[in-house]
Amino acid sequence: MKQHCKYSILVYLIATFFMLAILSSTAFSQQLFNPPLSDRIASYDMSAKLNPDKKVITGTETLYWKNTSTDKISELQFHLYLNAFKNTKSTFIQESNGRLREDEIDESSDLNWGYIDVQSMKVKDGEDLTGKIKYIQPDDNNKDDQTVISVSLQKPVLPGQTITLQIKFVSKLPKVFARSGFSDNYFLAGQWFPKIGVYEKAGDRYAVKGQWNCHQYHANSEFYADFGIYNVNITVPKSFKVGAVGVLQNEIQNNDGTKTLTFHAEDVIDFAWTASPRFKIAEAKWHNVKIKVLLQPEHYSQASRHINSAINTLEYFDKYLGKYPYPNLTIVDPPLRAGGSGGMEYPTFFTAGCLWGMPEGIKYTELVVVHEFGHNYFMGMLATNEFEEAWMDEGFNTYYEARIMDHYYGKNTSAINLFGFQVGDGEFMRDSYTGMTNPKIAPDFNYSWQYKDGGYSAITYSKTYTWMATLEGLLGQKVMDEIMQAYFERWKFRHPCGKDFIAVVNEIVHKEYGNKFGENMNWFFDDVLYGTNICDYKLNNISVSRVEKEQGAYDSGSGKKYYTGDYGKNEKRIYNSKIIISRPGEVIMPVEILVHFDNGKEILENWDGKGRTYDLIYNRPEKVVWAKVDPYNKITMDVNRINNSYTTAPDNTVVNKYFTKFLFWVENIMLALASLF
Amino acid sequence: MKIPKAYFTGFNSAAKLKKMVTVIYAVILLLALVIAVPFHSALLNQAGNTMELQPLLKQFNFTVYADFMNSYGKIVKALIPAAIWMGMFYFLFTVFFTGGILNILKDENHKFSAVNFFSECGKYFFRYLRMGIYLLIVQILIGVIVFLPLSLIIASNYETTLNEASLFYISVTGGIIYLLLFILVLIIGDYAKIILYDNDSKKVIKSIYTAFKFTFRHLFGTYLLYILILAVPVLLFAVYFWLDSALGMVSGFTIFIMFLIQQVFIWLRVLVKVWFLGSELTFYGLINVIVKTGHPSRHDLAVTDAPSLQINGEEAEENPLPI
């Protein structure tokens, strides 16, 4: 009995061990991050079946939404983004006039419109909400816009409680012109499902009381969402190749000529996917990150350009900002006629863009890959509100894009390096702002749909890059990296806002420099972020004159002493050098001035930049030859660097060079026109 | 052997006319200076005392260029249309010079006499001006004929093709077709000038028509000859760009050397322009000699204001005057 009992216990223990092993292996295949990286407020289990002929996705969604506030919430709000493409009265089409990023809506066929219909919505084991769905327009009161719905709940969601909703929906994808849709049998399903808004509790970002932050879909704006887990089954024809946010966990061949792929993603804010039978796949690995590129066959020769730039970006972010936590990355190369879906970012998944035969010297592909990957950080992990503060994702990301491009492809060659024509990405971004006809068109701190007179792109992307680079110039790259690392570590997998970033800047700058830049850096942000002022410093003039010695009669005791004004034989002559610097722009920055004397000596001066003009006067045996404001180009946002220096000994070599070139090409133009006869 | 003979004879003729080439070059230089000197003054005025242009000495620098254009670009941009207007003005000079050039080319000794040159320039100016306008209209029409369907083809293909490579090939094919037709019109224009001058004719359209027939009857010869000469300025451009990158314009000395090279290049381009006419004149003459020596055909015929000749009962367009 005793023996038997022992044997039974042993069998039981072995069986339990195997059971646990099986269970735990199953669990781990599902679980990527333990502990979770985010608070996982909104998680989705979804099934999507694509009808490639009708361009329709039939979907079911189980939403688990957690109330992390202390409020009793009796209303839910959802985005129905695809309704932006439903008709010409939507806010998106009204604002964009049917054009976005060089692409235009094609109204020639009924098939080209897009929309999403919520067929049913109900609380699991509870209230049917379908009849309570109400379109709302929180931003512009455009009653025809159906991109946001509100649903009232009979039974509120209590603090800490999770509500489970079961939703059935049909998404008709539009013909691609803005971000998502179809082109022939290429599908990019982005913002394709009913997506719950963000409930901002009091204290979150700018919220003073609990409220939904669920904006309509605007032409300029992108998205804002909570983190969660996504389990998504995608059913497509067997010939289709599929890529999606997250990790592919399973693929089943169905009997009806379709297959179902299961993707799993954790701690992400969105889920998008693509499908096409034409994709040709290239794969690579960087450390533990699997990289998959779904390319158009005609672009396959450019697979390495995608992969290398993705690896460069992973490496750079890892070194200078923070770790990329996800196990994989999927890059999609859209076809020619779906260019509007290119350059779009989703967590672990983004669309790039390239053209057949694009020369290596044009770094467009690299630039798009670097930029879109960067959104995994700025928006993907630092989940800012793109509707309200686009500068925090597009602008910060552009700053890193330029840094990475310049680092790997050369400061002056990272955008174009072709036939002697060279442009750096940072240079290009700076010029996009400094070359604006009206750089005062709007402040950077602006809701993205409120750039009514244009300038969204130049201000949000380029101006932010320019002042971020200026901040780096003032503080040095080391301190800038410290700021960005602190910001990332503190706010990753949360929803930071502008004041959170400024607080980090103030803290680190104070820690590193004390009061060198003032009590805080708010003065900087007042100008560059909240204001529209421009920055320009100018070295107006240098004048040099000999200092005359005393001449004439001077009282000396009881008599007079006469001076001839002549220098003694061995006495050095003294020169008065006067340098006049001015600040034509309104932005006030501390600047350095490098002064060069005729004996080769140089002095670096500092000016707080507060006055409109500033004089430097030297009485020395040596004469000032030249002087430069901001000699190390730290103030990237100075709109005109040509006036930053002045020399008393002008060297016209460059002028002569361009004069001869100009003359030569004018002669050639004349000969070319004459050759028509 | 007609093509090599025409090619080298044309070159020899042009080479003997250095004085004339220099006169034409001087006109180009003077006209170009009208634009370039204000450019130089504007540069000095706006940026004479700055050191920020220095990076441009070694190589192109986008930031310096962009800042300069953002701040002072209006001055430079204003000069570009002026340069195009000056080009059109020079177009008139080219028309004007044609009669004089052909006069000297037809002279056996190729002796340049300013009096003869300019009197012939004046004599033929309005005829060639009409011809120039007609040929420009033809060029524009060809542009429309090629590019309108091309854009329609590309637009329709854009809706169906999955691959931009096919669009690229269509565009390149269209571009090549246009280029071939463009050159063809230039060739016809050159022979029209020769025929009109040769016959001292005032019938511009008929000269063009005759040249059209001549060119098509000797398409291979006329086209090959033109391409062979055209290869010279293409080669010159290649050499120029090589020298520009090899020497660099990084010091006062190299800038001066490149300035000389640039001006020699322009001088050579003028020489090549004369070479074209010289070789085509020779080629036209060689063909006509064949006609006159017993291989009659109704081609290669020139226009005359005199009563038409009859060959085999048909109206001939040939002027049997020796070339």
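The values are calculated or read from the model by the stated rules, or taken from the named source; none is laboratory data. Note that the structure is a prediction, hence the values are computed from the model and not measured. FYI the Cβ positions are ideal-geometry reconstructions off the backbone, even for glycines, and counts take in every protein chain you see.
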**Message:** So B:Thr22 ticks every box in (1) at the interface with chain A (Cβ under 9 Å from one of its Cβ atoms); (2) assigned to a helix (DSSP H, G or I); (3) of a type in the set (S, T, N, Q) but one. Which box is left unticked?
**Reply:** (1)
**Evaluation of B:Leu167 against (1) closer than 29 Å to B:Phe126 by Cα; (2) at pLDDT below 95; (3) in a helix (DSSP H, G or I) (one fails), failing number** = (1)
**Asked** Only one of (1) surrounded by 14 or more Cβ atoms within 10 Å (Cβ to Cβ); (2) part of a helix (DSSP H, G or I) fails for B:Leu162. Which number is that?
**Response** (2)
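Residue-wise test of (1) away from chain B (no Cβ under 14 Å); (2) among the hydrophobic types (A, V, I, L, M, F, W, C); (3) assigned to a strand (DSSP E or B).
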residue	(1), (2), (3)
A:Arg403	yes, no, no
A:Gln422	no, no, yes
A:Phe428	no, yes, no
A:Asn446	yes, no, no
A:Gly454	yes, no, no
**Lone qualifier among A:Asn97, A:Asn142, A:Asn51 - being surrounded by fewer than 20 Cβ atoms within 10 Å (Cβ to Cβ) and modelled with pLDDT under 95** = A:Asn97
**Fill in**
For segment B:126-140, pairs from a residue that is more than 10 Å from chain A (Cβ to nearest Cβ) to a residue that is of a type outside the set (Phe, Trp, Tyr) and surrounded by fewer than 15 Cβ atoms within 10 Å (Cβ to Cβ), with Cβ under 8 Å and 6 or more apart or across chains, are B:Arg127/B:Lys202; B:Tyr134/B:Ile205
**Message:** Need pairs with beta-carbon distance below 7 Å; first residue in a loop (DSSP other than H, G, I, E, B) and within segment A:279-297, second surrounded by fewer than 19 Cβ atoms within 10 Å (Cβ to Cβ); sequence gap 6+ or separate chains.
**Reply:** A:Phe279/A:Lys241; A:Asn288/A:Pro327; A:Gln296/A:Arg278
**Request:** Within segment B:60-87, work out how many residues are within 7 Å of chain A (Cβ to nearest Cβ), surrounded by fewer than 16 Cβ atoms within 10 Å (Cβ to Cβ) and over 27 Å from A:Ala674 (Cα atoms).
**Result:** 1
**Complete:** Counting only residues in segment A:629-677 that are among the basic types (Lys, Arg) and more than 7 Å from every other protein chain (Cβ to nearest Cβ), the one surrounded by the most Cβ atoms within 10 Å (Cβ to Cβ) is identified as A:Lys634
**Message:** For the condition crowded, with 16+ Cβ neighbours inside 10 Å, in contact with a helix residue (DSSP H, G or I) (Cβ under 8 Å, 6 or more places away or on another chain), touching a residue at least 40 places away in the same chain (Cβ under 8 Å) and among the hydrophobic types (A, V, I, L, M, F, W, C), what is the one hit in A:Phe78, A:Phe85?
**Reply:** A:Phe85
**Prompt:** Inside segment A:253-276, can you point out the residues that are more than 21 Å from A:Tyr44 (Cα to Cα), of a type outside the set (Gly, Ala, Ser) and not in a strand (DSSP E or B)?
**Reply:** A:Asn254, A:Asn255, A:Asp256
**Asked** In this structure, is A:Val625 among the β-branched types (Val, Ile, Thr), surrounded by fewer than 21 Cβ atoms within 10 Å (Cβ to Cβ), within 30 Å of B:Gly248 (Cα to Cα) and more than 7 Å from every other protein chain (Cβ to nearest Cβ)?
**Response** yes
**Prompt:** Under the condition of being in contact with a Phe, Trp or Tyr (Cβ under 9 Å, 6 or more places away or on another chain) and among the hydrophobic types (A, V, I, L, M, F, W, C), which residue from segment A:430-450 is surrounded by the fewest Cβ atoms within 10 Å (Cβ to Cβ)?
**Reply:** A:Phe445
**Message:** Just the residues that are polar (S, T, N, Q) and either part of a strand (DSSP E or B) or within 30 Å of A:Trp65 (Cα to Cα) (or both), please, taken from segment A:227-252.
**Reply:** A:Asn231, A:Asn233, A:Thr235, A:Gln249, A:Asn250
**Complete:** Flagged pairs (Cβ under 8 angstrom, 6 or more apart or on separate chains; first in segment A:356-374, in contact (Cβ under 8 Å) with a residue 12 or more places away in the chain and within 14 Å of chain B (Cβ to nearest Cβ); second part of a helix (DSSP H, G or I) and of a type in the set (A, V, I, L, M, F, W, C)) are A:Trp356/B:Ala165; A:Trp356/B:Phe168; A:Lys363/A:Met405
**Message:** Residue under question is A:Ser150, and the condition is that it be of a type in the set (Gly, Ala, Ser) and under 32 Å from the mean Cα position of the chain (by Cα); does it hold?
**Reply:** yes
